[in-house]
Each structure stands twice: as C-alpha cells, then as structure tokens.
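Undergrad: Just passing along the structure, written as structure tokens.
What follows is calculated from the coordinates using simple rules that are stated; it is not laboratory data. Worth saying up front: this structure is predicted, and the values here are computed from it rather than measured. Here Cβ is always computed from backbone atoms with ideal geometry, including for glycine, and neighbour counts include all displayed protein chains.
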C-alpha cells in the first residue's frame, strides 16, 4: 500500500470517531497537495508534505488530555511522538520521520520562512483554519496573506479563495 495512503488510514483510525479532526486533516492534505503540485515538488517532497499534512494536528488529543487545550504550542510539542508510530508502520525511515516530525513540531511557528515544505503546511493550515472560523469574522486577510504566505501557489490559492467570495 502507498505510504501516504497508509498514513491516511492510520490517522483516521487514530482520530476516530472525531470526524472534525479527520475532516480538518483531509482539508489541509488537499490544499497542501495543491500547493505542493503548483510549486513543482519532487515525488519524494510531495510524500513528505502529504504525510505531514495528514499528521500536522495529530497531537491535539494528547494536548487536550494533558493540558485541557488544543493550543498550537501543545500540538507542536506532542505531535511528533504521536506521529512516529504511524510513520514507522507506514514504512518511513528515520530521516523521513525526522523531516515530517520537524514540520509537525513547527506548523504553528509562522516566522520560519526558509523551509518550503513547512511553509506549504502552514499555508494550507491557515486557509483551512480561516475557513473553519478560527480567526473570527474580522480576520485581516490581507495582513495574513502578506505576513504568512511565501509560496506563489499558496498566495494565488489564498487570493482566489478568500478575496473572490
């Protein structure tokens, strides 16, 4: 079975019956794939991005259990340890697991601008979070775009979705 599809299956099993978390991961996965494709990523990089997208919030349940919070800082802290067994079962090697877990551990750290794979996850997650109302109705979309979007595909996608309503 394809490694990314196995991650998808295991992520869904891990999060069940929490359909909200599963849907969020699937939406980020879809937008991340779109951005990655538009940025001409290699098939290897695409695999890393897609797997990280599916697992970017995998630490939420532990964060809620331990800290009574789904705050990004706790997701980043607890996500890699929850993701590792899923990635191992899916056939990823230690180097690949490290790359994916780096993205998971920094997907709310918006000031890191030099890691394109991380930026793709941040951009996809921001689009989904805005759509899901995480920023409220008065979000300054222009500011969010200017401060947080670095890929050309992500910028265009954000503009097409957010400014053409």
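Undergrad: Mind telling me which of the residues 116, 155 ends up being in contact with a helix residue (DSSP H, G or I) (Cβ under 7 Å, 6 or more places away or on another chain) and either surrounded by 15 or more Cβ atoms within 10 Å (Cβ to Cβ) or under 18 Å from residue 28 (Cβ atoms) (or both)?
TA: Result of the check over 116, 155: 155.
Undergrad: Considering segment 54-73 alone, what residues qualify as being part of a helix (DSSP H, G or I) and either loosely packed, with under 14 Cβ neighbours inside 10 Å or over 15 Å from the mean Cα position of the chain (by Cα) (or both)?
TA: Answer for segment 54-73, where residues must be part of a helix (DSSP H, G or I) and either loosely packed, with under 14 Cβ neighbours inside 10 Å or over 15 Å from the mean Cα position of the chain (by Cα) (or both): 61, 62, 63, 64, 65, 66, 67, 73.
Undergrad: Here are some residues: 77, 156, 145, 99. Which one is within 16 Å of residue 57 (Cβ to Cβ) and either touching a strand residue (DSSP E or B) at 6+ places or on another chain (Cβ under 6 Å) or assigned to a helix (DSSP H, G or I) (or both)?
TA: Result: 77 is the single residue among 77, 156, 145, 99 that is within 16 Å of residue 57 (Cβ to Cβ) and either touching a strand residue (DSSP E or B) at 6+ places or on another chain (Cβ under 6 Å) or assigned to a helix (DSSP H, G or I) (or both).
Undergrad: Which of the residues spanning segment 133-152 are touching a residue at least 60 places away in the same chain (Cβ under 8 Å) and touching a helix residue (DSSP H, G or I) at 6+ places or on another chain (Cβ under 7 Å)?
TA: Residue satisfying the conditions is 151 alone.
Undergrad: Within segment 102-117, count every residue that is closer than 19 Å to residue 154 by Cα and either touching a residue at least 24 places away in the same chain (Cβ under 8 Å) or touching a strand residue (DSSP E or B) at 6+ places or on another chain (Cβ under 8 Å) (or both).
TA: Counting residues in segment 102-117 that are closer than 19 Å to residue 154 by Cα and either touching a residue at least 24 places away in the same chain (Cβ under 8 Å) or touching a strand residue (DSSP E or B) at 6+ places or on another chain (Cβ under 8 Å) (or both) gives 10.
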